Number of protein chains: 2
Amino acid sequence: MIRVVKAPEVRLTELLDCAQRLFFSRGYDNTTINDIITEAGLSKGAFYHYFASKEALLEALATRMARDSVKELEPLLEDLELDAIGRLNAFFAGSRRLKVEMAPHIRNTFEVIFRPENIVLFHRIDQAVTAVVTPILAALLAEGHEAGILDAPDPQAVAEMLLQLRLILGPVMHKALLQAKDGNVDEPARVLDERLRLYGIAIDRVLKLPDGTIKVAEEGFARALLEPD
Amino acid sequence: MIRVVKAPEVRLTELLDCAQRLFFSRGYDNTTINDIITEAGLSKGAFYHYFASKEALLEALATRMARDSVKELEPLLEDLELDAIGRLNAFFAGSRRLKVEMAPHIRNTFEVIFRPENIVLFHRIDQAVTAVVTPILAALLAEGHEAGILDAPDPQAVAEMLLQLRLILGPVMHKALLQAKDGNVDEPARVLDERLRLYGIAIDRVLKLPDGTIKVAEEGFARALLEPD
């Protein structure tokens with residue numbers, strides 16, 4: 001047997017790629033550590049060298065996905081033609097576009113992640129995403145506050161609040177996904193769009209902006225996310 | 001042996017009382033189902049007749065505590081001399097008073113509940129409290145909106161958002177409790193007071209009220225909660 005020697009980072013990347021592929025195709029619950037190591041061509045020992053558990057792997061995957069998304073959205077955040085509000089809106093628009101592109105994957109993962117028995121998983125992922133996004137959002141808010149175009153005297157705390165608020169979307173999203181899977185898209189798309197709009201208005205108000213300034217919702221977004229291919 | 005026959009509700013109440021006493025004195029982690037049934041004079045079979053697990057018991061206990069608190073605060077909520085904003089403030093003031101009265105118990109339970117490994121417990125309790133408080137808050141918001149003194153066009157969704165926001169207090173509270181236990185009260189009391197004040201301002205803004213209208217924070221409250229006896 002030829003033993004291919006790979007750098008640890010390469011192996012780690014391959015391991016995460018394999019796990020992601022399996023989680024997206026079979027779902028997290030239906031994928032075992034054995035499935036992952038078989039697919040990745042790794043020994044169990046090698047797996048545990050990287051991760052203490054399947055859950056720890058998922059957390060690393062969530063962090064990687066959050067970082068990748070942010071990396072893709074970074075040019076929007078650095079567009080100096082826009083002020084902080086414009087960049088915040090560009091960030092939300094870009095994040096909607098990414099979500100629609102990834103919709104089939106997102107439907108698979110979200111359906112699993114929002115199940116009541118997966119509350120620990122959900123929190124691990126939420127914490128990974130929050131850790132990546134909070135400093136970016138806080139920096140934008142600080143800049144906007146200094147420029148006098150929004151009100152966020154404690155940008156770090158306000159960023160935490162706005163990210164906390166996004167969790168009201170979770171149960172609505174989960175319910176909508178289940179209904180859409182049963183072929184019922186219109187009503188859940190309407191409810192999800194409305195909830196997104198309310199989330200946007202809550203952000204506006206916390207930042208002392210007129211209702212409708214920060215555009216979290218967009219015509220047709222919930223439908224594009226929910227509708228099975 | 002004399003077998004005392006008690007009505008099921010009486011037994012259930014006794015079981016919850018015993019569990020509450022033990023959780024508060026020893027902490028949730030250090031209390032086993034065996035400890036509870038010994039204290040309550042119940043068989044294991046009888047325990048499992050009421051609850052599938054220690055966690056399920058905790059959930060029932062959380063619901064009972066939330067209902068008891070609301071019951072105690074109900075007169076404030078029904079005070080017709082006050083408008084919806086006045087009653088919301090009376091509710092927060094009453095809930096602070098209850099918290100200070102129960103401070104030693106709250107310190108014990110919160111310390112356990114906010115530990116990262118107890119995330120499921122935390123969520124069970126949070127859901128139990130949210131389920132009890134959401135309809136009350138939604139009704140107050142609906143009344144205030146109709147009276148034109150605050151802005152909450154979708155009272156149910158806004159109530160959910162405001163309750164979601166209170167979760168930003170959790171990590172701050174946990175850190176403050178740990179610091180206070182080490183004899184350091186001043187700094188965590190200041191941070192917790194400031195976070196409570198920010199939570200109040202976020203509520204004001206979401207409801208389109210001037211900053212400082214809804215009084216969540218109060219001079220000396222964090223210190224009274226944190227300072228060991």
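The values are calculated or read from the model by the stated rules, or taken from the named source; none is laboratory data. Source: prediction; values computed, not measured. In this analysis, Cβ positions are derived from the backbone assuming ideal geometry, glycine residues included, and neighbour counts consider all displayed protein chains.
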Every residue from region A:13-39 that is surrounded by fewer than 19 Cβ atoms within 10 Å (Cβ to Cβ), of a type outside the set (D, E, K, R) and modelled with pLDDT of 80 or more
A:Thr13, A:Gln20, A:Asn30, A:Thr32, A:Ile33, A:Asn34, A:Thr38
In region A:19-50, what residues are part of a loop (DSSP other than H, G, I, E, B) and within 20 Å of A:Pro8 (Cβ to Cβ)?
A:Gly41, A:Leu42, A:Ser43
Does region B:101-113 contain at least one residue that is closer than 27 Å to A:Leu167 by Cβ, within 14 Å of chain A (Cβ to nearest Cβ), of a type in the set (Ser, Thr, Tyr) and assigned to a helix (DSSP H, G or I)?
no
From A:Ser69, A:Ser25, A:Ser43, which residue is in contact (Cβ under 8 Å) with a residue 60 or more places away in the chain and among the polar types (S, T, N, Q)?
A:Ser25
Out of the residues in region B:124-146 meeting the condition of being of a type in the set (D, E, K, R) and within 14 Å of another protein chain (Cβ to nearest Cβ), tell me which one is surrounded by the most Cβ atoms within 10 Å (Cβ to Cβ).
B:Arg124
Within region B:90-100, which residues are buried (at least 18 other Cβ atoms within 10 Å of the Cβ) and either touching a Lys or Arg at 6+ places or on another chain (Cβ under 8 Å) or not in a helix (DSSP H, G or I) (or both)?
B:Phe92
Selection from region A:172-224 of residues that are polar (S, T, N, Q) and under 20 Å from A:Phe110 (Cα atoms)
A:Gln179, A:Asn184
For B:Leu80, which of the numbered conditions (1) of a type in the set (A, V, I, L, M, F, W, C); (2) modelled with pLDDT of 90 or more; (3) not in a helix (DSSP H, G or I) fails to hold?
(2)
Where a residue in region A:72-84 is of a type outside the set (Val, Ile, Thr) and its partner, wherever it lies, is surrounded by fewer than 12 Cβ atoms within 10 Å (Cβ to Cβ) and assigned to a loop (DSSP other than H, G, I, E, B), with Cβ under 7 Å and at least six apart:
A:Asp83/A:Ala147; A:Ala84/A:Ala147
Going by what's in this entry, would A:Ile149 be described as at negative phi, surrounded by fewer than 18 Cβ atoms within 10 Å (Cβ to Cβ), β-branched (Val, Ile, Thr) and modelled with pLDDT of 90 or more?
yes
When you scan region A:114-123, how many residues do you find that are away from chain B (no Cβ under 11 Å) and in a helix (DSSP H, G or I)?
0
Just checking, which of B:Thr109, B:Thr130, B:Thr134 is among the hydroxyl-bearing types (Ser, Thr, Tyr), within 25 Å of B:Tyr28 (Cα to Cα) and without any contact (Cβ under 8 Å) to a residue 60 or more places away in the chain?
B:Thr130
Within region B:51-71, identify whether any single residue is outside any helix (DSSP H, G or I) and surrounded by 18 or more Cβ atoms within 10 Å (Cβ to Cβ), and answer yes or no.
yes
